[in-house]
Amino acid sequence: KEHIEKVKAFNAQTLEEVEAFRIKYSGKKGLVNDFMADFRNVPNEMKREYGQVINTLKASALEKVNELKEKLEGAEEETATGDLSRPGEPIEIGARHPISIVKNQIIDIFSRIGFNVSEGPEIEDDWHNFTALNLPEYHPARDMQDTFFIQTDPDVLLRTHTSSVQVRYMENNKPPIRTISPGRVYRNEAISGRSHCFFHQVEGLYIDKDVSFADLKQTLQYFTTEMFGKSKIRLRPSYFPFTEPSAEVDVYWGLETETDYKMTKGTGWLEIMGCGMVDPNVLENCGIDSKEYSGFAFGMGIDRIALLLHQISDIRMLSENDARFLEQFKSAF
Ligand code: PHE
């Protein structure tokens, strides 16, 4: 009975104390079991009361242990949560990759004039990367883009340009079409500070009735003004199998600084993309009636533009994932 009073009065500050208490009363060699062992020595007329007292002691000890545990564990949790009114720890915010920054800028500029974004697979078949684009097998212009093929299957390759996405888009959508296709492309080129075996492109496609070369030029004019803040462009005749006529687009960058001199080789003109009117054969290959529709296409390299705009001296930095390099773009967008 004395013990019942003690148990009821017990208090503890730590969970260790509670555990010691539990072992003392309810443990295998604890007091409750000791008293149980004495049961057979108790005179018969007292057995009933003795039994009741032990049961009460057993129940009180158990109740006490549970009560104290609950209280102390609750308190422990509270300390873990901490003081909710304390000022927060600053969270490290990452930086966007310069490729993403430039890509998003380009997407933003074209989406303002109604272009959507389309994407396609990086592992392509011959049809979408070459044949549909007016580059049949053995066409000499295939050499313009050194291609990575899968050794066992010449029909499987890493796309050399995102024009393949435009083929897919034309196959699956009816004109009018206004789409840009950003993505990674691969070419079997020696890696240096200026070129890599993979890089990124944004290609654009516009197909509707009566689309003319003037529309192309105006679209490019709009783009270069928005993107570079430079509006003087020139188109130099060029050749792509999938466009006719074809042109290379130069932006007048100016010759104000030494860097301008270097970048433009002293001419002030900087080449930024290829473009042209989509060859009617390509439209027909993709199921579009070339007598009813015409269109233009253009393509540019994101990496080169990123190097240019952010004054990055080596293209390999874009794929090294060096945090010291990437952190420098924290404020860029
Ligand atoms: N596909 C061409 C390239 O990768 C770029 C281009 C796209 C040129 C569309 C003209 C028209 O070089």
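The values are calculated or read from the model by the stated rules, or taken from the named source; none is laboratory data. Given the structure is predicted, the values throughout are model-derived calculations rather than measurements. FYI the Cβ positions are ideal-geometry reconstructions off the backbone, even for glycines, and counts take in every protein chain you see. Areas reflect the complete protein model, heavy atoms only, side chains present, ligands, DNA and RNA absent. Shrake-Rupley method; radii C 1.70, N 1.55, O 1.52, S 1.80 Å.
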Unit-weight point scatterers at every alpha-carbon of the range 203-301, Debye formula, q = 0.17 1/Å: log10 I(q)/I(0) is -0.75
Aspartates and glutamates within cross-link reach of residue 69: Cα-Cα under 18 Å, excluding same-chain residues under 8 positions apart?
-> 16, 17, 19, 77, 78
One finds the C-alpha centres of the range 197-221 and the range 97-152 to be spaced, in Å, by 13 Å
Highest GNM mean-square fluctuation, the chain, Cα pairs closer than 10 Å: which of 86, 234, 316?
-> 86
Under 30 Å Cα-Cα from residue 64, which lysines qualify once same-chain neighbours fewer than 8 residues away are excluded?
-> 1, 6, 8, 24, 28, 29, 47
At residue 271 and residue 320, where each label point lies 7 Å from the Cα along Cα→Cβ, what is the point-to-point distance in nanometres?
-> 2.7 nm
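Between residue 91 and residue 239, what FRET efficiency comes out of the Förster formula 1/(1 + (r/R0)^6) with R0 = 56 Å and r the beta carbon distance, rounded to 0.05?
0.60
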Considering the convex hull of the alpha carbon atoms of the chain, report its projected area averaged over all viewing directions, in nm², one decimal.
-> 32.5 nm²
Residues of the chain: accessible area per residue at 1.4 Å, in Å²?
-> 58 Å²
Once the in-chain neighbours fewer than 8 apart are removed, the lysines whose Cα is under 23 Å from residue 232 read 103, 217, 262, 265
Residue 70: accessible area at probe 1.4 Å, nearest 10 Å²?
-> 140 Å²
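Given the rule -39500 (n - 2.57) for each run of at least 4 DSSP H residues, summed and divided by the residues of the chain, what is its mean residue ellipticity at 222 nm, to the nearest 500 deg cm²/dmol? Could you put the intermediate results ahead of the total?
Numbers: 12 runs with 135 residues, N = 333.
It lands at -12500 deg cm²/dmol.
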Which parts of the range 131-163 would a label at residue 123 reach, counting a residue when its backbone N lies under 19 Å from a point 7 Å out along Cα-to-Cβ?
-> 147-162
